[in-house]
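Below is one structure; the comments refer to it alone.
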Amino acid sequence: MPTENRTFGSANPELDASTFVDRRTGDQSNNSPNQERRQFSDAHASLSPEAAELAKAVDQYKLINRRRYVTYEEILSIIKTIGYSKQA
């Protein structure tokens, strides 16, 4: 069975290969190394101050430890780190 070679945009004539930007190999000069690439980086604006503090602490933990997802044990550790404790 012959392999069909397609170029970008051949299936859709409205798309042009020259307009496609591959971020993996593109020019990185305009991006700072600390630039946020997360989709919802401003999602903390609608939170209460306490929830925003926790959200920022979780985000910082994830960045430092290179974790995309955190476990409940990690969340508990983060909560204790920012000073919360269980009241009896």
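The values are calculated or read from the model by the stated rules, or taken from the named source; none is laboratory data. Treat the numbers as computed from the prediction; the structure is a model and nothing was measured. All Cβ positions, even for glycine, are placed from backbone atoms using ideal geometry, and neighbour counts span all protein chains on display.
Listed here are the residues, each with its yes/no results for (1) basic (Lys, Arg); (2) in a loop (DSSP other than H, G, I, E, B); (3) at pLDDT 90 or above; (4) surrounded by 11 or more Cβ atoms within 10 Å (Cβ to Cβ).
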| position | (1), (2), (3), (4) |
| --- | --- |
| Gly26 | no, yes, no, yes |
| Asn31 | no, yes, no, yes |
| Arg38 | yes, yes, no, no |
| Glu53 | no, no, yes, yes |
| Val70 | no, yes, yes, yes |
Quiz item: Which residue pairs have Cβ atoms under 7 Å apart, sit 6 or more places apart or on different chains, and have a first residue in segment 70-82 that is without any contact (Cβ under 8 Å) to a residue 60 or more places away in the chain and a second that is acidic (Asp, Glu)?
Solution: Ile82/Glu53
